[in-house]
Amino acid sequence: MDKLALILVIIGALNWGLIGLFEFDLVAAIFGGQTSALSRLVYGLVGLAGIYSFKFLFSDRERVE
C-alpha cells in the first residue's frame, strides 16, 4: 500500500509541475478532460494517496547502517 501511495503522489506531483510550468494537465490530456470520470477518479486517488502519505511524516523509521 505504501508503494502504491507513493506512486500516486509522484504522479500528482509531476502533473502539478506540468501545470505550473507549462499550463498542461497530463491527467486530463490522457483521460479526456478534467471533468471526465476517469480523470476525476485519478485526481481522487491522488488526493487519497496524499492523505495516506501523512503517516510517513509521523512514522519512526529505524536507521539501517
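Each reported figure results from applying straightforward, stated rules to the coordinates on display, with no laboratory input. Computed from a predicted model, the values in this text were never measured in an experiment. Note that each Cβ is placed from the backbone with ideal geometry, even for glycine, and that neighbours are counted across all protein chains shown.
So which residues in the stretch 1-23 are of a type in the set (F, W, Y) and exposed (fewer than 12 other Cβ atoms within 10 Å of the Cβ)? Quick ask: steps written out before the conclusion?
Initial filter on the stretch 1-23 (of a type in the set (F, W, Y)): 16, 22.
Within the stretch 1-23, just F22 meets the criteria.
Quick one: in the stretch 26-65, which of the residues that are over 16 Å from V9 (Cα atoms) and of a type in the set (S, T, N, Q) is surrounded by the most Cβ atoms within 10 Å (Cβ to Cβ)? Explain how you work it out, then say what you get.
The first filter runs over the stretch 26-65 and keeps only residues over 16 Å from V9 (Cα atoms), leaving 28-38, 58-65.
With of a type in the set (S, T, N, Q) added as a condition, the list becomes 34-36, 59.
On the way: Q34: 12, T35: 8, S36: 14, S59: 8.
Among those that are over 16 Å from V9 (Cα atoms) and of a type in the set (S, T, N, Q), it is S36.
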